[in-house]
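Taking it in order: structure first as structure tokens, then the write-up.
The values are calculated or read from the model by the stated rules, or taken from the named source; none is laboratory data. Not measured: the values here are computed from a predicted model. Cβ placement follows ideal geometry from the backbone for every residue including glycine, while neighbour counts extend to all protein chains displayed.
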Amino acid sequence: MAIDPGPWNEESVSEVASELLAKSATDPELRALALSDPHAAIAKFTDKPIPAGVSIRFVDNAGATFTFVLPDPVSEELSDSELEQVAGGVGDGNRCGGSCAASCVVSQAF
């Protein structure tokens, strides 16, 4: 799902994140705010609104924690264009156009 980043770009995200992370190392109140209300913590460094649908989470460095972002779900069904890409056959549906009737019969049995 695509999200409109609004006024945010890679540079502005990096800039705000760097400032917030650096200050959170020495400011316990900001650190607590970032953990409890990330949007409010970010608002202390910029007036740019967070795009709708964006979830932000700060976590304490509590040792070896790995976060993996799962990909977008994929439908089990193929779209019409995907079906067209994998569909085989020529002409009336015979794989070889009828020139190998015996092998088509054998292969279709499997």
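Which residues, taken from the stretch 46-76, are of a type in the set (Asp, Glu) and in contact with a helix residue (DSSP H, G or I) (Cβ under 9 Å, 6 or more places away or on another chain)?
Scanning the stretch 46-76 gives a single hit, Asp60.
Residue by residue, here is whether (1) surrounded by 14 or more Cβ atoms within 10 Å (Cβ to Cβ); (2) of a type in the set (Lys, Arg) holds:
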position	(1), (2)
Trp8	yes, no
Ser12	no, no
Leu21	no, no
Thr26	no, no
Leu30	yes, no
Ala43	yes, no
Lys48	yes, yes
Ala62	no, no
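With respect to the conditions (1) at pLDDT 75 or above; (2) more than 39 Å from the chain's Cα centre (by Cα), Asn61 lacks only one, and its number is (2).
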